[in-house]
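Peer 1: Have a look at the structure that comes next, please.
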Amino acid sequence: MRKVGIILAGGRSSRLYPTTLGVTKQLLPIYDKPLIYYPLSTLMLAKIQEVLIITAPSELDIFQRLFHNHNLGINLNFTTQSEPKGIAEALLIAEFFYGQRADRTCLILGDNFFYGAGLSQQLWKAVAAKDKAVVFASKVRDPERFGVVEMKPFDNYFHQATSIEEKPKKPKSNYAATGLYFYPSSAYEYASKLEPSPRGELEITDLNKMYLDQNNLFVNKLQRGSAWFDTGTANSMLEASHFVQTVQHQQDILVGSPHEIGYNNGWMEKEDVMHFANKCKNDYGKYLKEMINHGHE
């Protein structure tokens with residue numbers, strides 16, 4: 001089964017102006033790492049080694065420089081979205097780039113950040129769900145700000161979606177659909193049939209509704225104690241940074257480190273980790289060196 005991960009890191013990031021007038025938000029730091037590290041780490045936790053990062057044309061060379069000589073043990077590719085035409089367009093861009101459709105595709109937004117015990121197992125179950133479309137959902141206080149999914153129990157791992165609405169005035173549940181989606185190969189064909197919404201975009205909610213109409217849209221609820229950040233505003237970026245700082249300092253671990261995950265997955269050699277660690281004259285590099293020399297539980 002061919003598994004592909006897509007990180008959509010385009011867009012104008014206008015909610016963060018003037019900070020993002022010169023650089024996209026996915027290159028801004030969440031505490032001690034660029035934001036793009038966190039969605040990439042999620043894909044790597046899902047054991048996905050073929051990853052496509054979609055950027056704005058003006059940012060392509062910056063992303064390529066950022067990951068130059070990272071040697072993460074994955075096949076990392078880059079392409080562009082000429083202008084923001086919707087999340088669902090990422091599937092069409094990926095199909096054009098690769099020239100074929102993947103059997104299982106994980107699409108994650110470049111500003112989404114997930115953390116929590118049991119997350120890896122939830123990701124693996126979503127990858128293995130074969131023909132199911134799976135969205136990750138998180139309980140929120142203000143569901144009217146998000147795409148809201150209503151669901152019913154299905155099995156030990158998933159709930160079955162019964163409705164999904166974009167920013168409803170009267171939400172039917174308090175679960176927001178996050179920016180993390182798993183699709184079967186049919187998603188590419190379905191995305192090609194989408195019509196632009198009134199705002200001129202191919203909406204991911206419209207794609208999800210296609211699967212909903214077939215009773216084939218499933219929900220993976222983030223477990224209690226898990227964290228999800230949609231870092232589209234200055235406040236949410238600061239909150240995410242404080243969260244990472246607190247967890248790392250209190251537990252002496254790294255959050256969202258593709259180098260640690262790549263090594264633990266058996267994809268990176270010690271030499272590759274040490275080569276990168278020696279470039280980082282800070283706690284990030286120190287942690288990686290200690291991981292190699294002494295190990296971490």
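The values are calculated or read from the model by the stated rules, or taken from the named source; none is laboratory data. Predicted model only: the values in this text are computed from it and were never measured. Methodologically, a virtual Cβ is constructed for each residue, glycine included, from the backbone with ideal geometry; neighbour enumeration extends over all protein chains shown. These area figures cover heavy atoms from the full protein model, side chains too; ligands, DNA and RNA do not enter into them. Shrake-Rupley method; radii C 1.70, N 1.55, O 1.52, S 1.80 Å.
Peer 1: Could you please tell me the mean projected area of the C-alpha convex hull for region 137-182, averaged over all directions and given in square nanometres to one decimal? Don't skip to the answer; put the middle values down first.
Peer 2: Numbers: hull surface 12.9 nm².
About 3.2 nm², averaged over all directions.
Peer 1: So, R0 is 45 Å and r is the distance between the beta-carbons of Asn216 and Lys170; what FRET efficiency does that work out to, to 0.05?
Peer 2: Details: r = 26 Å, r/R0 = 0.58.
Once the sixth-power term is evaluated, E becomes 0.95.
Peer 1: Straight-line reach only, C-alpha to C-alpha below 15 angstrom: list the aspartates and glutamates that Lys33 could link to, leaving out same-chain residues fewer than 8 apart.
Peer 2: Asp111, Glu239, Glu260, Asp283
Peer 1: List the aspartates and glutamates whose Cα lies under 19 Å from the Cα of Lys125, skipping any in the same chain that are fewer than 8 positions away.
Peer 2: Straight-line reach from Lys125, under 19 Å: Glu50, Asp103, Asp155.
Peer 1: ³J(HN,Hα) across region 75-84 via Karplus (A = 6.51, B = -1.76, C = 1.60, θ = phi - 60°), whole Hz, x for Gly/Pro?
Peer 2: Once rounded to whole Hz, the list reads 8, 9, 10, 9, 8, 10, 10, 4, 7, x.
Peer 1: Taking R0 as 25 Å, what FRET efficiency do you get between Arg141 and Arg224 from their Cβ-Cβ distance, rounded to the nearest 0.05? Spell out each step's value before the answer.
Peer 2: Values: r = 15 Å, r/R0 = 0.60.
After rounding to 0.05, the efficiency reads 0.95.
Peer 1: Relative to the present Cα-Cα distance, how much length would full extension add between Arg2 and Asn77 at 0.36 nm per residue of separation?
Peer 2: 25.5 nm is the gain from fully extending Arg2 to Asn77.
Peer 1: A follow-up question, please. Give me the one-decimal nm value for the distance between modelled label points at Asp155 and Ser14, 7 Å along each residue's Cα-to-Cβ direction.
Peer 2: With each label point 7 Å from Cα toward Cβ, the separation is 4.3 nm.
Peer 1: Tell me, rounded to the nearest percent, the portion of alpha carbon pairs in region 39-180 spaced more than 25 Å apart. Don't skip to the end; give the middle numbers.
Peer 2: On the way: 3481 of 10011 pairs.
Here the long-distance tail beyond 25 Å is 35 percent of all Cα pairs in region 39-180.
Peer 1: Now, a different point. Mean residue ellipticity at 222 nm from the helices of the chain, using -39,500 (n - 2.57) per DSSP H segment of n ≥ 4 over the full residue count, to the nearest 500 deg cm²/dmol? Walk me through the numbers on the way to the answer.
Peer 2: Working: 10 runs with 96 residues, N = 297.
One gets -9500 deg cm²/dmol as the mean residue ellipticity at 222 nm.
Peer 1: What accessible area per residue, rounded to a whole number of Å², is obtained for region 186-264 using a probe radius of 1.4 Å?
Peer 2: Normalised by residue count, the accessible surface of region 186-264 is 50 Å².
Peer 1: For the chain, treating each Cα as an identical point scatterer without solvent, what Debye log10 I(q)/I(0) comes out at q = 0.07, 0.16 1/Å?
Peer 2: -0.25, -1.43
Peer 1: Could you order the peptides 276-286, 107-117 from most to least packed, using the average number of other C-beta atoms within 10 Å per residue?
Peer 2: Details: 276-286: 14.1, 107-117: 22.8.
Most protected by this proxy first, the peptides run 107-117, 276-286.
Peer 1: Additional query: In straight Cα distance, which aspartates and glutamates are under 13 Å from Lys281, not counting same-chain residues fewer than 8 positions off?
Peer 2: Leaving aside aspartates and glutamates fewer than 8 places away in the same chain, those within reach of Lys281 are Asp32.
Peer 1: Choose one of Pro171, Thr231, Gln122: the residue whose Cα lies farthest towards the positive end of the charge dipole of the chain (beta-carbon charges +1 Lys, Arg; -1 Asp, Glu; about the Cα centre).
Peer 2: Pro171
Peer 1: Can you tell me how region 1-77 classifies by the Cα gyration tensor, rounded, prolate or oblate, using a/c under 1.5 as the rounded cut?
Peer 2: Prolate.
Peer 1: I would also like to ask the following. Using DSSP to define loop residues, name the trypsin sites (Lys or Arg not before Pro) in region 129-195 whose beta-carbon has at most 11 other beta-carbon atoms within 10 Å. Spell out each step's value before the answer.
Peer 2: Values: sites: Lys130, Lys132, Lys139, Arg141, Arg145, Lys169, Lys172, Lys193; in loops: Lys130, Lys132, Arg141, Lys169, Lys172, Lys193.
Sites meeting the loop and neighbour criteria: Lys130, Arg141, Lys169, Lys193.
Peer 1: Tell me whether region 152-225 comes out rounded, prolate or oblate; compute the Cα gyration tensor, take square roots of the eigenvalues as a ≥ b ≥ c, and use a/c under 1.5 as the rounded threshold. Spell out each step's value before the answer.
Peer 2: Numbers: a/c = 1.99, a/b = 1.34, b/c = 1.48.
Cα axes put region 152-225 in the oblate bin.
Peer 1: Another question, then. Mind ranking 233-241, 119-127, 182-190 by how tightly packed they are, going by the mean number of other C-beta atoms within 10 angstrom, highest first?
Peer 2: The most tightly packed comes first, giving 182-190, 119-127, 233-241.
Peer 1: Also, quick follow-up: Accessible area per residue for region 21-72 in Å², computed with a 1.4 Å probe and the full protein assembly in place, what is it?
Peer 2: Per residue, region 21-72 has an accessible area of 35 Å².
Peer 1: Now, a different point. Using a 7 Å offset from Cα along Cα-Cβ at Gln100, what residues in region 66-80 end up with backbone N under 20 Å from the label point?
Peer 2: Of the residues in region 66-80, 74-79 have backbone N under 20 Å from the label point off Gln100.
Peer 1: Output the pairs from Lys47/Lys170; Lys25/Lys167; Lys132/Lys221; Lys3/Lys85 with a Cα-Cα distance over 26 Å in this structure; if there are none, say none. It would help to have the intermediate numbers written out before the result.
Peer 2: Working: Lys47/Lys170 38 Å; Lys25/Lys167 23 Å; Lys132/Lys221 15 Å; Lys3/Lys85 24 Å.
As for pairs spanning more than 26 Å Cα to Cα, those are Lys47/Lys170.
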